[in-house]
1. Using a Förster radius of 22 Å, what is the FRET efficiency between residue 65 and residue 114 based on their Cβ-Cβ separation? Nearest 0.05, please.
2. How far, in nm, would the chain grow between residue 147 and residue 129 when pulled straight, counting 0.36 nm per residue and subtracting the alpha carbon separation?
3. Could you tell me the calculated FRET efficiency between residue 495 and residue 605, based on Cβ-Cβ distance and R0 = 30 angstrom, to the nearest 0.05?
4. Highest first, please rank the peptides 477-489, 612-624, 128-140 by the mean number of other Cβ atoms sitting within 10 Å of their residues.
5. I want to check the label-to-label distance for residue 82 and residue 318. Put each point 7 Å from Cα in the C-beta direction and report it in nm to one decimal.
6. Mind listing the Cα extents of the range 56-209 along all three principal axes, in Å, largest one first?
7. Could you tell me the calculated FRET efficiency between residue 309 and residue 231, based on Cβ-Cβ distance and R0 = 22 angstrom, to the nearest 0.05?
8. Ranked from the most accessible area to the least, with a 1.4 Å probe and all protein chains present, what is the order of 492, 596, 324?
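The values are calculated or read from the model by the stated rules, or taken from the named source; none is laboratory data. Just so it is clear, the structure is predicted and the values come from calculations on it, not from any experiment. Neighbour counts are summed over all protein chains in view; Cβ atoms, including those assigned to glycine, are modelled from backbone coordinates with ideal geometry. For the accessible areas, the whole protein counts, side chains as well, though only heavy atoms, and no ligand, DNA or RNA atoms are used. Shrake-Rupley method; radii C 1.70, N 1.55, O 1.52, S 1.80 Å.
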Amino acid sequence: MENMQAVNSFVAAYLKKKGFKEAEQLLEDLQNKESAPIDFHNDPDLAKFIHHFSQSEDDVARYQDGYSKLRSWTYSSLDLYKHELLRVLYPVFIHSFMDLVAKGHLQEARTFFNAFHEDHELMHSRDLQKLEGVLSQSHLEEMEFARSLRQNKVNIKICQYSYDLLLQYLHKTQSTAMLGVINEHVNFQVTSGQPGSISDDTEVVTLIGSCQDAASLINQKEIHWGLLEDSLEERLEKEGGLLSDSEKTEAENKEGDVDDSKKRSVEGGKQGASTKKLKKDKAVNATAKSARPEAKPTPAAPRVKPELTLPVMSTEVEQSILEDLRNRVQLSSVALPSVSFYTFLNTHNGLNCSSISQDGSLVAGGFSDSSLKVWDMAKLGQQAVQVAATLQGENDSTSSEHVAGPNGVKRSYTLFQGHSGPVYSATFSPLGDFILSSSADTTIRLWSTKLNANLVCYKGHNYPVWDVQFSPAGHYFASSSHDRTARIWSMDRIQPLRIMAGHLSDVDVSTDIPFSVCWFLYHISNPIINSLTFLSQCVQWHANCNYIATGSSDRTVRLWDVQSGECVRIFIGHRSMILSLAMSPDGRYMASGDEDGTIMMWDLSSGRCVTPLMGHTCCVWSLAFSCEGTLLASGSADCTVKLWDVTTSTKALKNEEKIGSPNRLRSLKTLATKSSPVYSLRFSRRNLLFAAGVLSKNV
């Protein structure tokens with residue numbers, strides 16, 4: 001009823017102002033007959049009429065006064081409904097500001113912005129920085145972000161009672177400017193029952209419109225997220241090779257008893273088995289394992305056929321991988337992984353990216369001077385022993401594999417040179433025998449870690465290549481670029497196999513500086529560009545190699561079919577550019593991290609966000625799932641590595657349907673470095689977590 005009264009009052013005022021007395025009288029007659037109520041918010045024609053009426057009263061003070069009163073009323077509301085009503089303030093604020101700019105009231109718009117922007121700094125600082133640059137009417141058309149806001153609506157979830165309270169307020173105060181903005185730019189999703197949790201605020205305010213409609217249409221496509229048929233994991237399961245820790249211990253004891261009984265007595269055999277067990281427990285952290293309960297059986301992921309022709313794996317490599325899988329440590333919320341952290345020293349702000357091989361034996365760094373450097377951890381260990389021996393007066397026999405650097409000084413890394421611009425990404429092949437690097441020179445290079453030489457230079461992108469990633473099976477790799485495309489390549493062809501286009505912005509770079517400016521800085525003032533950090537992991541392969549995911553500065557993540565090149569999912573919900581992606585080992589879930597420190601867990605089959613992960617205070621540069629998918633590790637520019645309980649999050653959707661409140665993902669542990677932002681993370685096949693970062697004096 002309040003809806004109808006609000007509409008009637010505004011329409012009556014409009015008719016009276018224009019002098020339509022007959023129409024005004026007719027409206028009064030209709031009111032007296034108690035005609036059916038009009039849904040003013042869901043009727044687009046009526047909404048446009050109300051917005052036009054509110055715009056016809058060109059009183060600049062109405063925006064300042066109307067928003068100020070709405071803000072005061074919202075903050076004085078009952079605590080139970082306040083957090084829902086506060087969600088309305090941000091879209092009203094930004095559109096009031098843009099309305100003032102569009103009408104040419106630039107000084108009043110700036111005054112309005114300065115008066116109220118601090119209210120939204122916490123949640124929308126990145127958006128406000130962009131809007132602060134809107135200084136004229138032409139900027140509204142030229143700026144992609146502002147144009148997107150003007151062309152789309154903001155979708156807000158709100159309970160029925162909060163919605164009614166807002167309508168009553170707008171009706172009583174006759175705030176035509178605020179009502180016009182709300183009708184034109186806000187779409188309410190009204191729910192019955194109690195208001196949602198305040199922790200839902202990160203996911204209830206989203207941009208909708210043409211992009212959302214397209215996403216909904218695309219997300220109806222069928223995807224096959226299962227694992228590959230006849231994989232090594234499946235083969236090992238059939239053979240009974242994947243045993244629980246208790247079963248492994250029993251098997252080890254039995255083996256020890258049988259072997260030792262041939263040589264000594266039964267008691268001696270038990271002693272030998274105990275010694276063997278003790279050594280094994282030390283190797284895999286016995287304290288954590290003994291505290292962990294038996295894992296509950298989980299339903300197996302469906303099996304799918306590969307769409308790409310996968311390379312044939314040698315028997316020797318298969319046996320090595322199977323051995324790692326048999327000795328994998330099972331992780332859980334009470335059995336956390338051991339972590340090995342590699343710190344880069346004396347990089348002088350020149351390190352752009354880092355990568356770690358599957359077994360952690362090799363670490364690579366890409367630098368602004370166009371070089372790629374690879375460290376062999378085994379050789380570093382040998383060098384340390386030799387230095388110690390030298391200090392003790394023993395004969396110095398430095399390994400000949402350490403190549404002499406400038407001034408004859410031995411260097412402990414292998415230097416790869418060939419790029420003509422900063423190296424932005426590097427990735428090892430699954431076996432560690434190859435490494436790919438991408439650069440500002442628009443190329444991707446393939447290097448051999450055995451020959452220490454450049455094998456191939458891949459050309460195809462027209463602008464800097466921000467990221468490159470090997471597929472889980474090797475041979476194929478994916479790249480992402482400033483040209484807003486992702487491309488699929490194979491090692492044996494110099495031209496891309498597929499080109500994925502569709503993002504509205506870069507795929508991806510973690511800076512808001514326009515490319516033209518970056519290019520100028522690089523060529524004219526190289527020291528300036530060296531102080532910037534370009535980090536992204538915005539290409540990620542699905543576990544079955546049939547899909548790749550790309551993250552972009554347009555705040556979306558897209559899933560692509562590698563065979564057809566079509567986009568099959570669009571994930572919308574982030575409020576800033578996407579910097580990192582990770583796929584769960586079973587292929588069902590995906591995690592994405594953004595510039596504001598938010599991580600989102602997505603269900604690939606439905607395209608829905610399972611839960612947001614809040615905890616980091618800065619850019620999330622790296623994400624990695626444990627091998628069995630129970631834990632998620634995240635590395636950030638806030639100098640921490642966080643471990644999350646994924647098992648809790650994957651049950652969130654079911655719990656939400658049953659009790660109406662989603663289960664939040666649980667942060668298990670935060671591992672802080674002294675002052676090293678975390679650049680990369682990697683779980684080995686045995687579930688050891690490797691991390692790499694650079695010592696920063698600015699943190």
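1. Working: r = 16 Å, r/R0 = 0.74.
So the FRET efficiency works out to roughly 0.85.
2. Working: separation 18, 0.36 × 18 = 6.48 nm, distance 1.54 nm.
Full extension from residue 147 to residue 129 adds 4.9 nm.
3. On the way: r = 33 Å, r/R0 = 1.10.
My answer for the efficiency is 0.35.
4. Values: 477-489: 24.6, 612-624: 21.7, 128-140: 14.5.
Answer by packing, highest mean first, reads 477-489, 612-624, 128-140.
5. 6.5
6. Sorted largest first, the three principal extents are 44, 30, 26 Å.
7. Once rounded, the FRET efficiency stands at 0.90.
8. Numbers: 492 110, 596 55, 324 30 Å².
Order by accessible area, largest first: 492, 596, 324.
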